[in-house]
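Everything on this sheet refers to the single structure shown next.
The values are calculated or read from the model by the stated rules, or taken from the named source; none is laboratory data. Predicted, not measured: the structure shown is a model, and the values here were computed from it. Cβ placement follows ideal geometry from the backbone for every residue including glycine, while neighbour counts extend to all protein chains displayed. Remember, those area values only see protein heavy atoms, side chains included, never the ligands or the DNA or RNA. Shrake-Rupley method; radii C 1.70, N 1.55, O 1.52, S 1.80 Å.
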Amino acid sequence: MTGISVEPSERGKYTVLTVNGPINSYTFTELQEKTMKYAGKVDLAVDLSGVSSMTSAGIGVILAAIEDAEAAGKRLFVVAPSEVSRLAIESTGFGERFPTVASVKELPA
Amino acid sequence: MGLTIFTYLSAAIMLFVAFRVRSTGRRRDVTVFRLAAIASAGYASCLATGYLLAADDAGTALILLRWAGAGAIWSFMAFLRLSFTFPYGRRLVLVDLLFLAAAGLVAWQFTAGDAYLAEVRRVALEFIRFEGPSYSLFAMAGALVGILAAVILVIRGFMIKSRVYRQQAFLIAAGIVGSVAFGYVVSIYLPQAGQNVAYPIGGASRIVAILASSYALSSTRLFHVPTVAKTILSRVLLIALFGAPLGLLVGVMLLFRLSMLFIVLAAGFAGFILIGRAADRFAQSRFGSARDEESREELEAAIAHIDLSAGRESVLGELSGILAQEFGAQWFWMLSEDDAGGLSRVFPGNDEVVVANADSPIIEPLASLDRGVVLKTDIVADPAFALHKTALLQFFETLGAEALILAKEGRRIIGVFALGPKRSGVDYSVLDYESFQAIHGKLFVVAYYVRHVARESLLATVEKEIGLADQIVRAVQETIDPIRHPAVDVAFVCQSTRQLGGDLYDSVRLSEHRWFFVVGDVSGKGLNAAMSMVILKSMIRTLLREEKDFIKLVARTNAFIKEQLPRGTFFAGAFGFIALDKGSVYFINCGIPAVFFHSPGLETVIEVQGDGKMLGFVKNIEPYLKTRKLALPPGSSLVISTDGIVESENVRGERYGKERLVRIIAESKGTSAEDTIKAILKSATSFSDGKIEDDVTVVAINYHGRKEKRA
């Protein structure tokens, strides 16, 4: 089973989590642990450009992180979602609930 | 003219409120109150019309004003009769006959001669009233009847044990005193001060008593005095801040000689709407209940943050602390449904103590309640509880409780939260009731947790007994009213990647030919998703019982997911009603990716789910919801699938996709629903090399039509 990697890095005020690989029911816990660690505590960006597939498990993790951030008054952006992750987000019918930027350079200061 | 309109308006309002009061359970009190309101409205109408005709038809005006006087006395006589037996409204035949005779005597004395009123005229804007020799005596007697009624109500109020009835008695008494004072000012004081133009408004004086009584007879909970004070203060300020500009507007119109009645009324109405909206916004922002709401949100958040994995004792101990701090209750109990169907106390204490057996006379009254929060005062004073009043009061007495919060799954009571009297000795008020309502959903989750999960520590369940948890969840998943009907063949599968999952299928029989169904997937994996699924399933069943509007049912389910389930939880699926007598399916797509329809008249399988929004993303989803209707011709079939099938992938990263699913459905034409499901699962499993990586829920419905009935 192909796994995912979730690598944290710093960019300005943001902690950027770069995700590579498929997010599904076998792999989502890795992403969940990292987002739970940062969401709501710092301004967070989740780079989904390297995501090869995303099921509802991944959507749930990102939604929970967004809600944690909102509750704590912190920011969370989805960065450059790959085609499959963009489709997964849009399939919810609420794409606007996922603040998205095209690249880490576009993260607001 | 303006004052006369006000009096007519007050008559209409008095009649309106009189008939809005529910008479269930207190028929006599409400009947007597309605008589008072009818007499008061008659008094107002006769008085206003009488003064209106005074200039042109003095004879008719005199007759009407005499009857108005009689009506004024009758209304207070009705209040006096109410006071005699308040709040239990007993029948007293002799007393009622005496009242009837007295009413006749009053009518005769007021209308048969000049004793009360000899003549009335209008000269320019002045009303000139020639009072009869007994006018003062009659007016005094009328006021005394009202004051006597108020005094008796106050005395009875002090004697009544029920605090809510006491509150009602005092409120009605205050209303009567207000009416007497109002009447004195406009009918005696102002005319003596040379303002006899105010005569017509005297007919509106009873509105104070009628409004107070209507409110009192409808109130079943104790007022929260600071809230009432704040409301009154805010209203006074609103009138001062916003009523003044409206008055100025009308004044300016009159100044510019726009005195035509229609124009004044239209402008006044428009001003009322515009300024009323501004006033409402201002009130909401400045002295509204924002602080109360904030406090409720904090309370909700505190309950939501209770760590359910800490075990039952700890969860209920923490909840007890939160409720004690917020409401100041002397004690807190939790009763949970036991395996025998009764109610056992699970907190405080480690041992479960049976409080009510399954056949206890309290179970049925609790099951039949259509509300989740009940105060003891509700049972005493609210006619809605009349049927089970004795049993419910006895239950409150047995527990010693003052407030109960019920968690129900359909008619089953899965948990009861009981709160004792407040430490301060103050009673639970309307404000407390609203707070209880606000946290009801959160308490439901706790009750469900205690009933279904917490008999063992959650952590222990996960680590050691996942098989048992799986069995529990499977049992809940399989508890459905299967769609069994000669016109249809239905099959479904819920399959998780792990032992536990959030896949959900449920159907509930609504009538002989109609079923409700829901298909979908609760986000998350493992035990968390499974817990969310079983809680959601229960909540949907509960809402189905309460909510008749399909869209509102889904909207309330969405609100429950958003506000009560853990963050990040959402639901992708479809809600539907199937009417087998009509051959129709109504459904709302809430993010279901695949609903395929195969009609015998069509060669192809068509996709019919349309666009949909998943539940749990926004607070109010109602504007996004659309109901779709699908006519099912005999021989047609419907397949509903969550994303697990279409998004399953093979080792090369290719998706199974909708095209493959369509092909399998088309190939399954003529087979049973069960075989269609098997074929879909076999195809998807084979495609993904034996391992589908997501939860799968698929439902197949083959509609045969109603040929059997005609045969």
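Mind listing the Cα extents of chain A along all three principal axes, in Å, largest one first?
Ordered largest first, chain A gives principal extents of 36, 27, 25 Å.
Would you work out what percent of the accessible area of the stretch B:477-621, with all protein chains in place, is carbon or sulfur (probe 1.4 Å)?
48 percent
Computed over the Cα atoms of the stretch B:316-395, what is the convex hull's projected area averaged over all directions, in nm²?
Quarter of the Cα hull surface area: 6.0 nm².
Tell me, which residues of the stretch B:540-573 get at least 50 Å² less accessible area when the other protein chains come in, versus the chain alone (1.4 Å probe)?
Flagged in the stretch B:540-573: B:R567, B:G568, B:F570.
Show log10 I(q)/I(0) for the stretch B:55-193 at q = 0.18, 0.20 Å⁻¹, two decimals, from a solvent-free Debye sum over equal Cα scatterers.
After summing over all Cα pairs, the log10 values are -1.03, -1.17.
Which value, in Å² and to the nearest 10, is the accessible area of B:W74 when all protein chains are kept and the probe is 1.4 Å?
Solvent-accessible area, nearest 10 Å²: 80 Å².
So how do B:C46, B:C590 rank on accessible area, 1.4 Å probe, biggest first, that is with the largest at the start?
Correct descending sequence by accessible area is B:C46, B:C590.
Ignoring ligands, DNA and RNA, how much accessible area is buried between chains B and A, both sides summed, with a 1.4 Å probe, to the nearest 100 Å²?
Summing both sides, the interface buries roughly 2100 Å².
With a 1.4 Å probe and all protein chains kept in place, how much accessible area does B:M531 have, in Å² rounded to the nearest 10?
Surface accessible to solvent at B:M531 totals approximately 30 Å².
Taking a cut-off of 51 Å, what percent of all Cα-Cα pairs in the protein assembly as shown are separated by more than that?
For the protein assembly as shown, the share of Cα pairs beyond 51 Å comes to 36 percent.
At 7 Å along Cα-to-Cβ for each site, give me the label-to-label distance between B:S368 and B:R509 in nm.
2.3 nm
Ranked from the most accessible area to the least, with a 1.4 Å probe and all protein chains present, what is the order of B:L392, B:L35?
The ordering from most to least exposed comes out as B:L35, B:L392.
Please calculate the 1.4 Å probe accessible area of B:R26, with all protein chains present, and give it to the nearest 10 Å².
Roughly 20 Å² of B:R26 is accessible to a 1.4 Å probe.
With r as the distance between the Cβ atoms of B:A266 and B:K389 and R0 = 45 Å, compute the FRET efficiency 1/(1 + (r/R0)^6) and round to 0.05.
E between B:K389 and B:A266, to the nearest 0.05, is 0.35.
Calculate the spin-label point distance for B:N357 paired with B:A679, positioning each point 7 Å from the Cα along the beta-carbon direction, and give it in nanometres.
Calculated label separation equals 5.5 nm.
Would you mind working out the magnitude of the charge dipole of the stretch B:5-119 relative to its Cα centre, with +1 at each Lys and Arg C-beta and -1 at each Asp and Glu C-beta, to the nearest 20 Debye?
Using Cβ point charges on Lys, Arg, Asp and Glu, the stretch B:5-119 gives about 940 debye.
Restricting to DSSP loop positions (anything but H, G, I, E, B) with no more than 15 other Cβ atoms inside 10 Å of their own Cβ, which GluC sites (Glu not before Pro) remain in the stretch B:316-362?
Qualifying residues, ordered by number: B:E352.
Spin-label point model (7 Å from Cα, Cβ direction): what's the B:Y215 to B:Y189 distance in nm?
2.0 nm
Skip the ligands, DNA and RNA, and give the accessible area per residue of chain A with a 1.4 Å probe, whole Å².
With all protein chains present, chain A gives 42 Å² per residue.
Hey, got the dipole for the stretch B:292-453? About the Cα centre, +1 on K and R Cβ, -1 on D and E Cβ, debye to the nearest 20?
Charge dipole, the stretch B:292-453, about its Cα centre: 360 debye, nearest 20.
Report the calculated FRET efficiency for B:T671 and B:K619 (r = Cβ-Cβ distance, R0 = 41 Å), to the nearest 0.05.
Result of the calculation: an efficiency of 0.40.
How many angstrom separate the Cα center of the stretch A:41-85 from the Cα center of the stretch B:365-401?
Centre-to-centre distance over Cα atoms comes out at 48 Å.
Name the residue from B:M159, B:I405, B:T676 whose Cα lies farthest towards the positive end of the charge dipole of the protein assembly as shown, charges +1 on Cβ of Lys and Arg and -1 on Cβ of Asp and Glu.
Farthest along the dipole direction, towards plus: B:M159.
Which trypsin sites (Lys or Arg not before Pro) from the stretch B:74-106 combine a DSSP loop assignment with at most 13 other Cβ atoms within 10 Å?
Within the stretch B:74-106, the qualifying trypsin sites (Lys or Arg not before Pro) (loop, at most 13 other Cβ atoms within 10 Å) are B:R90, B:R91.
Between B:L100 and B:R663, what length in nm is gained on full extension when 0.36 nm per residue of separation is reduced by their alpha carbon distance?
194.3 nm
Want the number for B:V93 to B:H305: 0.36 nm per residue separation, take away the alpha-carbon distance, what's left?
Once the chain is fully extended between B:V93 and B:H305, it gains 70.2 nm.
Once phi is turned into ³J(HN,Hα) by the Karplus curve 6.51 cos²θ - 1.76 cosθ + 1.60 with θ = phi - 60°, what whole-Hz value does each residue of the stretch A:75-89 show in order, with x for glycine and proline?
Result, ordered by residue: 9, 9, 10, 8, 10, 6, x, 5, 4, 5, 6, 5, 5, 5, 5 Hz.
With the dipole of the protein assembly as shown worked out from charges on the C-beta (+1 for Lys and Arg, -1 for Asp and Glu) around the Cα centre, which of B:F84, B:V518, A:G12 lies farthest toward the positive end?
Selected residue: B:F84.
Rounded to the nearest 0.05, what FRET efficiency do B:D549 and B:L248 have when you use their Cβ-Cβ distance and R0 = 45 Å?
In this case the efficiency is close to 0.55.
Quick one: ranking B:W515, B:W67, B:W108 by accessible area, 1.4 Å probe, largest first, what do you get?
Reading off the accessible areas and sorting them downward yields B:W108, B:W67, B:W515.
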